[in-house]
Amino acid sequence: MLHMLPDTAVLFAGGIPIPFEAQTTRLAASLGLPATDVQNAFWTMAVGALCAVCCSLAGCFLVLRRISLLGDALSHSVLAGTAGVYLLTGRVDPVPMLCGAIAAGIVTAVLTQFVHKAALVPEDSSIGIVFTSLFAFGVVVVSQAKHVHLDLDCVLFGDLAFAGVNLHPTFGWLVPESFRSLIPTLMITLLLLAVFWKELRLTSFDPTLAVTLGFSATLMHYLLTTVVAIVTVSAMDVVGLLVVALLIVPAAIARLLTDRLSTMLVLSCLIGVSCTTIGYLLALRWDSSAAGLSAVVAGAELLVAIVVSPKNGLLGRLLRTVRLRIRICAEDVLAGLFRRQERSDAPDKRVQASVSECHTLAGGGIMSVAALRWLLSRQLLQQAGPVMLLSETGLRYARSMVRSHRLWEAYLQENFNLPSDHLHDPAEAMEHFIGPGVQQQITEELSQSAEDPHGRAIPDVKRQDVR
Amino acid sequence: MFFTQTQIVLTGTLLLGIAAGMVGTFAVLRRRALAGDVVAHSALPGLCLAFLTFQSRSMLVLLSGALLSGLLGAVTVSLLKRFTRLRDDAVQGIVLSVFYGGGIALTRSIQNTHRNDPGADLESFIIGQAATMLKGDVQQIAVVVAVTAGIVLLLFKELKLLSFDEQFCQVQGWSAMGLDILLMLLTAITVVAGLPAVGVVLTAALLIIPPAAARFWSDRLSRMMMIACAIGGTSGVTGTLLSARYDGLPTGPLIVLTSTVIFALSWVFAPHRGVLWKSRDMTDLQSFLPWVESDDTVPRAPTTLDPHVSAQEAS
Amino acid sequence: MTARTENKTSAVFDIHDMTVAYDRRPVLWNIDLTLRNPGLVAIVGPNGAGKSTMIRAAMGLVPMVSGSVSAWGSPIGRELGRIGYVPQRGSVDWDFPISVFETVLMGTYGSLGWFRHPGRVQRDLTMRCLERVGMQDYAQRQIGQLSGGQQQRVFLARALAQQAELYFMDEPMAGVDAATERVVFELLQSLSEEGRTIVVVHHDLRTVSEYFDEVVLLNVRIVASGPVDTTFTSANLQSTYGGRLSILDTMAEAVQKQTETE
């Protein structure tokens, strides 16, 4: 965001070594591309990756502490900080401007709270008021700063595509200009993580507990705000306002995939790096904005995560729901057959049912087809030509189902104020969730467990019979 | 009739300020202030796609595209909230930044492919460019304001009920969800109408700051809304005039800064809620704040007036 | 102002086999409740028993997993015009820019329908309702300037303005001093004498037998319900307040886990 005019970029500084120069040259030769192009691409991706790592690390805490919008607000107000310093000093020096930007970030965080508490403005409105005002101020100042190059475009769109072009000598190596701010930023972030790991983890997941244990949540909040401000300032040089995407989206994806803080941090970094890398390559392909496409890639990755994430993914949830429905239908068949056998004249003879009767017991439709296949594949049912009959294991399974059903009816009868004709439906719903442990618990609590409220015997199940 | 360019722009920003004040009042009270921000950012890709599809820079075409993708953004927010365990703030940040990223990528590639076409400069929508508003644009904004005002007045009762007590609204048989969607729609339309003048990044401020400032001056919704419209209109006009007076200062940010100044002044000087009122004695105040009434029409501590109610239970 | 006479066979209010879950975890189990006669009904139970959830679910504010709710023999969604509601005091923003009068006026919105704005009739009614709760002198105050008890009375007046026949009140006595409590109860009693039914979520066990006709003892499920004399017994109270049923907790866990991760 801050460039000095005339631009002091040293593109071909003879004699100063460039890291990985040999490798990139070799790669360029094998791809048949000009060496400088490959080198630029390499450094741009490196800058993007570094930027993504810094943002993701800080972003995880924003997401966990539910203050993601602070990242958004900070990215807007940073411009006001640089502009303010420019107004005061009339010059464009990187260091004072960096300080001004960080100060603006902290001021945003403090001011948001102040407007909320002192002016009785709802919190979301107070965020909106503070960051739009500061951004407007920044834009007005920047638009007047014609004789120096305070680049508004860079703030709005990001400059990732050129990040690898401007190589500067730093500590004897020729590396991208952005490294000079990004590497210290990364070190500061890692330092914060290392020193306050325990506190950060505690205050992020459970602020109240943290306070009772003696950690100052407020202190951590402002410490974190400072680090986010630093990250935002250095990353904005590269990706502009879209720093918000890198802060929040990879962290949010990682949050969907894991519940562990350390895993979340690593995952979000990997995701962030993939976003900037793919975004940059797509931008080359389509002649478009690398920062913008990084954000789009991040959004696409989020969609993928939402659909296929193993634990909470939509696909997984749908599958589990279907499987549960199949099991419930299948168990209904078993219980139905068992009851029929109970009622028959010869209770010891295994009852038979036609396939269509079994479908009726399962409730019909495609689910009942799946349920019958479920039963046959588990050998709970046996098919003999046109009829089905319970196998030995099926009979035990069925007995356990009916036992659950009747125990639940008896339990409702004793503890609920329900008319006896209202007992069947709840038990029909709950029988599928009653495991052997709960059967045991209910038996112990009931005053008698021989008969259900309708006077039918509750079938006994030996321990080894239980599924 | 012939209008100068400044008059056209003035009319446009005045109307815009009024509409935003109206809709924004409900947005702020319903804690939906940042929804406008999400819609504004999400509008950018739709605007670009409309340009690419129809190869036209007609404001109506561009803004229709913007409205569609803005609404898509709003819908995405509610879907993400419904189907993931992500929190409100993260969801808003995600939708806002991803859509904005898409918009930036599209504006960039449009700019790169239409290098010789000055009409393809969609980047002006990001910060806004009120100065180039045409008479047709203002007419369209006028229609938007009229429609918005009409709906708000017609449904003032229902929207007030929804904003104050959503559950009571539902229990009385109103469709809270329908009203909510309507309010979202009005917000989106207003935001999109503001894009050409104030831009993607700052339009949300028009919705938030004037109502927040108006709240200092009144304890009645209807009056607060009127004051918000007045503040919005004033900011629009003042910002435009300042921008015309000092060549080169962008209009959108000036409008926002004007309303911020009004917010700050309200915070300091407003009766009852203002800083001065709270910090000083009444009699002291009256000497330099002539509008402060001497009779105690709105006493702050009513508990002692009611024989049935003790002071402690106010907690 | 008497309630419309109804077909004798249909109960005033009937909940059939209602189960409510938050995030797939059941919090109310198989609620079955029928109120046949108008009167004052208290819902009593320990914290976390689901008292508020029960009336909110009955009015359709919280989705049910199973079951049905009817009033006067038809689904409750069709009878909302005859139902009044007093929500918990904490459910609204008291800093909202609205006066006491306007708040109470909202009670008449339901009978007004779309687009129509309240006129003289509604304003007069509003004033009468305010007088009935003794808040007429505060009509022009902003609601945030009232004490807790006064705010509660405003909500009550708003419910009166609904002119309903069946009322649900969520802890109208919470944070209210003894004097206000008596005023509120006299009001409820006069409402019930007019032939209305008032269902009150109540937390003060000492006043139940003094004020109420019927009582519902609730702890995740209905333990007992019926006339206060026969239902409000120490045995029933024991099983209501004697801790949660551990089996229900285990089952709630199992249902939540298996419907999510089979």
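The values are calculated or read from the model by the stated rules, or taken from the named source; none is laboratory data. As the structure is a computational prediction, the values presented were derived from the model and not from experiment. Note: ideal-geometry Cβ built from the backbone for every residue, glycine included; neighbour counts use all protein chains shown.
All conditions in (1) more than 14 Å from chain B (Cβ to nearest Cβ); (2) assigned to a strand (DSSP E or B) hold for C:VAL69, with the sole exception of (1). Exactly one residue out of B:ALA105, B:ALA40 is more than 10 Å from every other protein chain (Cβ to nearest Cβ), among the aliphatic types (A, V, I, L, M), buried (at least 24 other Cβ atoms within 10 Å of the Cβ) and under 25 Å from A:ALA251 (Cα atoms), and it is B:ALA40.
Applying a threshold of 8 Å to beta carbon distances and a minimum spacing of six or more residues, or different chains, the list of pairs starting in region C:87-98 at a residue that is within 19 Å of B:GLN170 (Cα to Cα) and at the interface with chain B (Cβ under 9 Å from one of its Cβ atoms) and ending at one that is surrounded by fewer than 17 Cβ atoms within 10 Å (Cβ to Cβ) and of a type outside the set (Lys, Arg) reads C:PHE96/C:GLY144. A:GLY299 meets the conditions (1) over 24 Å from B:LEU122 (Cβ atoms); (2) among the small types (Gly, Ala, Ser); (3) crowded, with 17+ Cβ neighbours inside 10 Å in every case but one. The failed one is (1).
Each residue in region A:223-253 was checked for being out of contact with any helix residue (DSSP H, G or I) (no Cβ under 6 Å at 6 or more places or on another chain) and buried (at least 24 other Cβ atoms within 10 Å of the Cβ), and 1 of them qualify.
Matching residues to (1) more than 9 Å from chain B (Cβ to nearest Cβ); (2) closer than 30 Å to A:SER262 by Cβ; (3) buried (at least 20 other Cβ atoms within 10 Å of the Cβ):
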| position | (1), (2), (3) |
| --- | --- |
| A:GLY71 | no, yes, yes |
| A:ALA80 | yes, no, yes |
| A:ALA109 | yes, yes, yes |
| A:HIS116 | yes, no, no |
| A:ASP124 | no, no, yes |
| A:VAL142 | yes, no, yes |
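What's the number of the only condition in (1) β-branched (Val, Ile, Thr); (2) within 23 Å of the chain's Cα centre (by Cα); (3) within 9 Å of chain A (Cβ to nearest Cβ); (4) more than 19 Å from A:HIS76 (Cβ to Cβ) that B:ILE18 fails to meet? With (1) β-branched (Val, Ile, Thr); (2) within 23 Å of the chain's Cα centre (by Cα); (3) within 9 Å of chain A (Cβ to nearest Cβ); (4) more than 19 Å from A:HIS76 (Cβ to Cβ) applied to B:ILE18, the lone miss is (3). The combined condition, being at negative phi, away from chain B (no Cβ under 14 Å) and either surrounded by fewer than 20 Cβ atoms within 10 Å (Cβ to Cβ) or of a type in the set (Phe, Trp, Tyr) (or both), is fulfilled by A:ARG320. Residues in region C:172-187 that are buried (at least 21 other Cβ atoms within 10 Å of the Cβ) and either within 9 Å of chain B (Cβ to nearest Cβ) or not aliphatic (A, V, I, L, M) (or both) were compared, and the one that is nearest to the chain's Cα centre (by Cα) is C:PRO172.
Of the set (1) assigned to a helix (DSSP H, G or I); (2) out of contact with any Lys or Arg (no Cβ under 9 Å at 6 or more places or on another chain); (3) at the interface with another protein chain (Cβ under 9 Å from one of its Cβ atoms), all apply to B:THR258 but (3). Might you let me know whether region A:396-404 holds any residue that is assigned by TED's automatic domain parsing to the domain that holds A:VAL438 and exposed (fewer than 14 other Cβ atoms within 10 Å of the Cβ)? No, that holds for no residue. Scanning region A:386-408 for any residue that is outside any helix (DSSP H, G or I) and closer than 19 Å to A:GLY435 by Cβ turns up nothing. Among the residues of region A:361-382, are any more than 14 Å from chain C (Cβ to nearest Cβ), out of contact with any helix residue (DSSP H, G or I) (no Cβ under 7 Å at 6 or more places or on another chain) and under 24 Å from A:HIS424 (Cβ atoms)? Yes, there is a match, as at least one residue in region A:361-382 is more than 14 Å from chain C (Cβ to nearest Cβ), out of contact with any helix residue (DSSP H, G or I) (no Cβ under 7 Å at 6 or more places or on another chain) and under 24 Å from A:HIS424 (Cβ atoms).
Counting only helices (runs of 4 or more DSSP H) that sit wholly inside region A:250-354, those with at least 1 residues that are of a type outside the set (Gly, Ala, Ser), touching a strand residue (DSSP E or B) at 6+ places or on another chain (Cβ under 9 Å) and modelled with pLDDT under 90 are A:314-343.
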